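The values are calculated or read from the model by the stated rules, or taken from the named source; none is laboratory data. The shown structure was predicted, so the numbers you read here are calculated from the model rather than taken from an experiment. A quick note on method: Cβ atoms are made from the backbone with ideal geometry, for glycine too, and the neighbour counts reach across all protein chains shown. To get the accessible areas, we keep the full protein, side chains included, count just its heavy atoms, and leave off ligands, DNA and RNA. Shrake-Rupley method; radii C 1.70, N 1.55, O 1.52, S 1.80 Å.
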Amino acid sequence: MTTGIRAAAGLRGKALVDGEFLFTNDDFSAIARMLYEDAGIALTETKASLVYSRLAKRLRTLGIESFRDYCKLVSGSEGISERQNMLAALTTNVTRYFREPHHFEHLKQKVLPELIARAKARGRVRFWSAGCSTGPEPYSIALTILDAMPDAANYDIRILATDIDPNVIATGRAAVYPDEAMEPVPAALRERWMVRVKDKGRDAWGAGEEMRRLVSFRELNLMGHWPMKGKFDAIFCRNVVIYFDEATQARMWSRFGPLLNPGGRLYVGHSERVTATDLFETDGLTTYRLRDGIA
Ligand SMILES: C[S@@+](CC[C@H](N)C(=O)[O-])C[C@H]1O[C@@H](n2cnc3c(N)ncnc32)[C@H](O)[C@@H]1O
């Protein structure tokens, strides 16, 4: 065995992160490979401690003694549901109401006037929050629409909210948020369109009927088949592709393009950039417009 190969073999059996469970390079590589295959999420070794701490909880819950055994479980047919739990544990679900508020201002000023006119003329208007997490993003779209068009829920206006993680979809459907989560929501909007509820004995805010009628939640993996038939007027895919590699990001832009109506908008996260300049032109900060003649 050459020195290099021996060193690599030694490293594979050595702890990558110090802790209660042995977590080696091989374990990390196996988990990273599964996450990439399942969700398109590209993990680098700088995330090893994060992976360890998030999954150590799963090992404890399951009474599994090593990452090696855990990897064996999630790679086999017995471990399909645990593989889903692993995915949920490794995805980042951070979100908040009116995150990157300039997007909602742009929507209100530049996009909604034409769409509201179309809806009032009995046309169809659709939004997609792709990677919606627990719901504040699609509900912020709903609140922006309701603010501009209070009877919007009576028209053919809908917001599709999708995510790979069934837990966040369930939270979005339940639509109950603690008071702290409501801070970015203007009081007038909150009081008009949301309701006071109790959540585990604590005061909280729940989405009102109109918000619920506007938003539909579905589980959807962006890496898989997209069953939607109709086109969208705006897609919000913010702080999602940041976890994908460049090739996967490029695939996303080329799949979003044909799903947009002429002049449709694509909103991305503050650190994301749409590189498909053949399809999209810049229309504001991290906001893109489908080029004329594409749809
Ligand atoms: C950081 S959150 C962003 C939430 C929201 N868009 C925002 O900006 O506040 C990223 C979300 O993307 C979801 N996600 C990651 N990979 C995905 C995939 N392959 N398909 C669908 N959703 C995915 C995660 O589950 C997570 O809820």
How do the pairs read when you match residues in region 100-127 that are in a helix (DSSP H, G or I) with residues anywhere that are among the acidic types (Asp, Glu), using Cβ under 7 Å and keeping only pairs 6 or more apart or on different chains? Leu115/Asp233; Ala119/Asp156
Looking at region 117-128, is at least one residue within 13 Å of the ligand (Cβ to nearest atom), within 16 Å of the chain's Cα centre (by Cα), closer than 30 Å to Ala207 by Cβ and not basic (Lys, Arg)? yes
Qualifying positions in region 129-166 - more than 13 Å from the ligand (Cβ to nearest atom) and among the small types (Gly, Ala, Ser): Ala142, Ala148, Ala152, Ala153
Considering only region 133-228, give the helices (runs of 4 or more DSSP H) lying wholly within it that have at least 2 residues that are farther than 30 Å from Arg251 by Cα and open to solvent by less than 10 Å² (accessible area, probe 1.4 Å). 136-148
Kindly indicate whether Leu112 is more than 12 Å from the ligand (Cβ to nearest atom) and open to solvent by less than 20 Å² (accessible area, probe 1.4 Å). yes
For Pro262, only one of the following conditions fails: (1) closer than 26 Å to Arg118 by Cβ; (2) free of Cβ contacts under 8 Å to residues at least 40 places away in the same chain; (3) surrounded by 15 or more Cβ atoms within 10 Å (Cβ to Cβ). What is its number? (3)
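Among the candidates Val74, Val125, Val51, which residue alone is at pLDDT 95 or above, under 18 Å from Cys237 (Cα atoms) and not hydroxyl-bearing (Ser, Thr, Tyr)? Give the derivation first.
Values: Val74 fails: under 18 Å from Cys237 (Cα atoms); Val51 fails: under 18 Å from Cys237 (Cα atoms).
Result of the check over Val74, Val125, Val51: Val125.
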Pick from region 224-266 the residues that are of a type in the set (Lys, Arg) and under 21 Å from Arg158 (Cβ atoms): which of them is nearest to the chain's Cα centre (by Cα)? Arg238
